[in-house]
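Undergrad: This structure is in structure tokens; I'll ask about it shortly.
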Amino acid sequence: MVSFFLCLVLLIGGYFVYGKIVDNTFAPDDRETPAVRINDGVDYVVMPQWKLFLVQLLNIAGLGPIFGAMQGALWGPIVFLWITFGTIFAGGVHDYFSGMLSERNDGVSIAEVTGIYMGTLMKNVMRVFSVVLLVMVGTVFAVGPAGLITTLIGNSGMSGALTNVKIWTFIILAYYFIATFVSIDKIIGKIYPIFGLCLIIMAIGVCIGIFTHAEYQIPEIWNNFANMHPDGKPVWSFMFITVACGAISGFHSTQSPLMARCMKSERQGHFVFYGAMTAEGIIALIWAAAGCSIYEVTGGLSTGLSEALGAGQSAAIYDVCAKTMGGIGIALAMIGVIVCPITSGDTAFRSARLTIADWFNIDQNEWKNRLILCVPLLGVGAVVSQLDYAVVWRYFSWTNQTLAMIVLWTASMFLFMEKKNYWITAVPATFMSAVSMTYFFSASECLGLSTAIAYPVGIILAVVFLGAFLFVIKTRNPKPDYSSLKK
């Protein structure tokens, strides 16, 4: 458990030290924010900082730092390293810049932000990527909670329509329609901070449960520095893609503009964006520790965890809560793992609505315009919800990390144009490029090539992306400095 606490300390320290370096590099100032300047009462509404933090955490979290971290624990405690350093140097940086760049540009969606700094082609790519990802996220966060609801009802001895996953999925999608349609402060601003707090309490409960049960021992990284995946899936790049939201997630960049439209001051960005990602990293670390400590290891492989996950993600999460917290854990599972994903799913569809609205310049003050976008979006979500959940999750994971890669390159271009240190984003951008491209060439749901081909091609492409970025900034003038012309 020493390695667990070391990673926990590093995460907390990373927020105060590296997070502050990132904040100082961006250099927030006292300019009027979009929430104050525009304030349309629908999407641009000033919220207090504590509420911004909790809503942001809830929006970006859902099942991501729970299920992704447990899946990542199949590789053993080495997943702690990726969650820790990924959060500090990639995820926190990604979330901070996606939120602050949106705030600096009237709170526009991340696709429009990309277009400002990377050009029209990348803007259109991001528009498509964003909408596809958001629909998949909304669907994943509808099917997952629906599965857990049916698990809980089934375990209580009830049967019939209430144990039908499809029925609960459509009920959740119906709620999504309402939450996506109404003003952000009607539902999201009022009750979501409470659920964000529940997500934190549930993680603390799991952590306490691990340490109060002598039979659960968190393994040390240095004693288990090996690939423990029962199916032999390689660490690179499968673990990095699988953990997703627990370390870095492109989905977060689609959510950050929601809170960027509600900030009273730019100086809130460090706490709201980098801080929420740090909190998610801590939650992921706890759930990964649960996956590594509760279940049996056979022959150096995570066989017990694999069997638990094989019963379904909802059943696995229910099992962890029950084993660590008993009856209280089951109650928290109902709140944290049913409600929290639902509250991320509806903001996913809300972000999709806003992305399309920015894309086609559709005014969202009129309820009819919001209705025109909400109905087809939720219709597509209903269709996707009927597909194989495992397949949707894998495509979501790759799309998710590819989006993160693009956002980091966008932030790098912004920093270059502002004559600031672009390496704090260019380095993680290069790393995520290698991860995303390697996975694309090697994963069975993508090209399915051998690792002998996928590894070098993925890494070479990442180097090419870095080279292209360096070439562009060599030939492109950063923002001119007119200070010498001022009298």
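The values are calculated or read from the model by the stated rules, or taken from the named source; none is laboratory data. It should be emphasised that the depicted structure is a prediction, and the values quoted were computed from it without experimental measurement. No Cβ is skipped: glycine too gets one built from the backbone with ideal geometry, and neighbour counts run over all protein chains shown. Surface accessibility is based on the protein's heavy atoms, side chains included, excluding ligands, DNA and RNA. Shrake-Rupley method; radii C 1.70, N 1.55, O 1.52, S 1.80 Å.
Undergrad: Condition first: in contact with an Asp or Glu (Cβ under 8 Å, 6 or more places away or on another chain) and under 22 Å from P34 (Cβ atoms). Now tell me which residues in the range 86-103 satisfy that. Even if it seems obvious, please write down each step before you answer.
TA: Residues of the range 86-103 that are in contact with an Asp or Glu (Cβ under 8 Å, 6 or more places away or on another chain), as a first pass: 87, 91, 96, 100, 103.
Listed by number, the residues that qualify are Y96, M100, E103.
Undergrad: Among the candidates L6, L10, single out the residue that is open to solvent by 70 Å² or more (accessible area, probe 1.4 Å), in contact (Cβ under 8 Å) with a residue 60 or more places away in the chain and out of contact with any Phe, Trp or Tyr (no Cβ under 7 Å at 6 or more places or on another chain).
TA: After applying the criteria, what remains is L10.
Undergrad: Quick one: would you say I330 is over 30 Å from L148 (Cα atoms), β-branched (V, I, T) and surrounded by fewer than 21 Cβ atoms within 10 Å (Cβ to Cβ)?
TA: When the stated conditions are applied, I330 does not pass them.
Undergrad: Would you please list the contacts, defined by Cβ atoms under 8 Å and residues six or more apart or on different chains, that run from a residue in the range 268-291 that is surrounded by fewer than 24 Cβ atoms within 10 Å (Cβ to Cβ) to a residue that is part of a helix (DSSP H, G or I) and charged (D, E, K, R)?
TA: H270/K20; H270/D23
Undergrad: Residues of the range 415-471 being surrounded by 14 or more Cβ atoms within 10 Å (Cβ to Cβ) and of a type in the set (D, E, K, R), which ones?
TA: If the condition is that a residue be surrounded by 14 or more Cβ atoms within 10 Å (Cβ to Cβ) and of a type in the set (D, E, K, R), then E418, K420 are the ones that fit.
Undergrad: OK, next. Could you tell me which numbered condition N59 fails, if it satisfies all but one of (1) at pLDDT below 95; (2) open to solvent by 20 Å² or more (accessible area, probe 1.4 Å)?
TA: (2)
Undergrad: Considering the range 355-369 alone, what residues qualify as being at pLDDT 80 or above and in contact with a helix residue (DSSP H, G or I) (Cβ under 7 Å, 6 or more places away or on another chain)?
TA: The answer is T355, I356, A357, D358, W359, I362, D363.
Undergrad: Would you please list the contacts, defined by Cβ atoms under 6 Å and residues six or more apart or on different chains, that run from a residue in the range 409-432 that is touching a residue at least 24 places away in the same chain (Cβ under 8 Å) to a residue that is surrounded by fewer than 16 Cβ atoms within 10 Å (Cβ to Cβ) and in a loop (DSSP other than H, G, I, E, B)?
TA: Correct list of pairs: F416/P478; M417/P478; M417/K479; K419/P478.
Undergrad: Looking only at the range 103-120, count how many residues are buried (at least 24 other Cβ atoms within 10 Å of the Cβ), among the hydroxyl-bearing types (S, T, Y) and part of a helix (DSSP H, G or I).
TA: Of the residues in the range 103-120, 1 are buried (at least 24 other Cβ atoms within 10 Å of the Cβ), among the hydroxyl-bearing types (S, T, Y) and part of a helix (DSSP H, G or I).
Undergrad: Modelled with pLDDT under 95 and among the β-branched types (V, I, T), is that true of I241?
TA: Judged against the criteria, I241 is a match.
Undergrad: In the list S109, S159, which residue meets the criterion of being at pLDDT below 85 and of a type in the set (S, T, N, Q)?
TA: Sole residue among the options that is at pLDDT below 85 and of a type in the set (S, T, N, Q): S159.
Undergrad: Among the residues of the range 24-47, how many are in a loop (DSSP other than H, G, I, E, B), on the phi < 0 side of the Ramachandran plot and touching a residue at least 40 places away in the same chain (Cβ under 8 Å)? Working first, answer last.
TA: Step one: list which residues in the range 24-47 are in a loop (DSSP other than H, G, I, E, B), which gives 27-33, 38-47.
Still in the list and also on the phi < 0 side of the Ramachandran plot: 28-33, 38, 40, 42-47.
From what is left, the residues that are touching a residue at least 40 places away in the same chain (Cβ under 8 Å) are 28-31, 33, 38, 40, 42-47.
Looking only at that region, the number is 13.
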